[in-house]
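Engineer: Below is one structure. I have some questions about it.
Values quoted throughout were computed directly from the atomic coordinates according to the rules given, and no laboratory measurement underlies them. Keep in mind that what you see is a predicted model, and the values were worked out from it rather than measured. All Cβ positions, even for glycine, are placed from backbone atoms using ideal geometry, and neighbour counts span all protein chains on display.
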Amino acid sequence: MKNRIDMRIGVLAVQGAFIEHEKILEKLGVDCVEIRQKEQLENIDGIILPGGESTVQGKLLRALGMLEPLTEMIKNGLPVLATCAGLILLSEQLENDTTSHIATLPVVVRRNAYGRQLGSFNTRHDMKDIKDFPMVFIRAPYIVAASDDTDVLATVDDHIVAVRHNNQIGLSFHPELTDDTRIHEQFIRLASS
């Protein structure tokens, strides 16, 4: 285990693959807190929005009174790493759905863009400053359009699968399902700056 890093990262834990993110944070020496109630949003240095079912997560964020405060925190600069369903929650617009949730990331996302479970796949691609990253796509979305001030970090088969806009990193894939911690390390650097 690495030395402890003096920061606290929240992981949205209402549904989805949050435990895998927690394990990586622990491996990197970062304290994390599972976010299940509005009060748990206090005193965090960043938040991870995990994969899972975006519709369920969005409904739970609303029902638990977390959607508005979380949206404001992100608008005010809280660093966020959003993977798969988290990307859908964060996106300003969905191409094939009129629903929006947090809507702070200026991108248009296509849900289930690679098809259902059978359309899941693994690949390796460069991601801007990270070379040869293992990418796990499970019923993944991809980004069909991004604002001019959004930095495209990675594409796969001419589809945008990773972006950064200021304090927000959005990924179509699941870095937490690999042994490669480089994206989480990058997010920790963002949260500590």
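Engineer: State the extension gain, in nm to one decimal, for the chain segment bounded by ARG189 and ASP126, taking 0.36 nm per residue of separation less the distance between their alpha-carbons.
Structural biologist: Gain on stretching ARG189 to ASP126: 20.8 nm.
Engineer: What span do the alpha-carbon atoms of region 11-87 cover on each of the three principal axes, reported in whole Å from largest to smallest?
Structural biologist: Projected onto its principal axes, the Cα set of region 11-87 covers 32, 25, 19 Å.
Engineer: With both partners inside the chain, how many of the DSSP beta bridges are antiparallel, as a percent to the nearest 5?
Structural biologist: Looking only at bridges with both residues in the chain, the antiparallel portion is about 50 percent.
Engineer: List the lysines whose Cα sits under 18 Å from the Cα of LYS27, skipping any in the same chain fewer than 8 residues away.
Structural biologist: Hits, sequence-local ones excluded: LYS2.
Engineer: First select every other residue whose beta carbon is under 9 angstrom from the beta carbon of ILE48; then total the charges, Lys and Arg +1, Asp and Glu -1. Please report the intermediate quantities before stating the final value.
Structural biologist: Details: positive: none; negative: GLU22, GLU176.
Local charge sum for ILE48: -2.
Engineer: Same structure again: Can you give the charge dipole size of region 5-192 about its Cα centre, rounded to the nearest 20 debye, using +1 on the beta carbon of Lys and Arg and -1 on the beta carbon of Asp and Glu?
Structural biologist: Value, rounded to 20: 400 debye.
Engineer: Taking the number of other C-beta atoms within 10 Å as the exposure measure, put GLU95, GLU39, GLU176 in order starting with the fewest.
Structural biologist: GLU39, GLU95, GLU176
Engineer: On to the next question. Only Cα pairs under 8 Å and at least 6 apart count here; give the relative contact order of region 5-192 as a rounded whole percent.
Structural biologist: 19
Engineer: Enter the per residue convex hull volume of region 63-158, computed from alpha-carbon coordinates, in Å³ rounded to the nearest integer.
Structural biologist: Numbers: hull volume 11.5 nm³, N = 96.
Per residue, the Cα convex hull of region 63-158 comes to 120 Å³.
Engineer: Still on this structure, I have one more. Which values, in whole Å and largest first, are the semi-axes of the equivalent ellipsoid of the chain obtained as the square root of 5 times each eigenvalue of the Cα gyration tensor?
Structural biologist: Over the Cα atoms of the chain, the semi-axes work out to 22, 20, 15 Å.
Engineer: Taking neighbour counts of Cβ atoms within 10 Å as a proxy for exposure, in what order, fewest first, do ILE24, ILE48 appear?
Structural biologist: Numbers: ILE24 24, ILE48 27.
Lowest to highest Cβ neighbour count: ILE24, ILE48.
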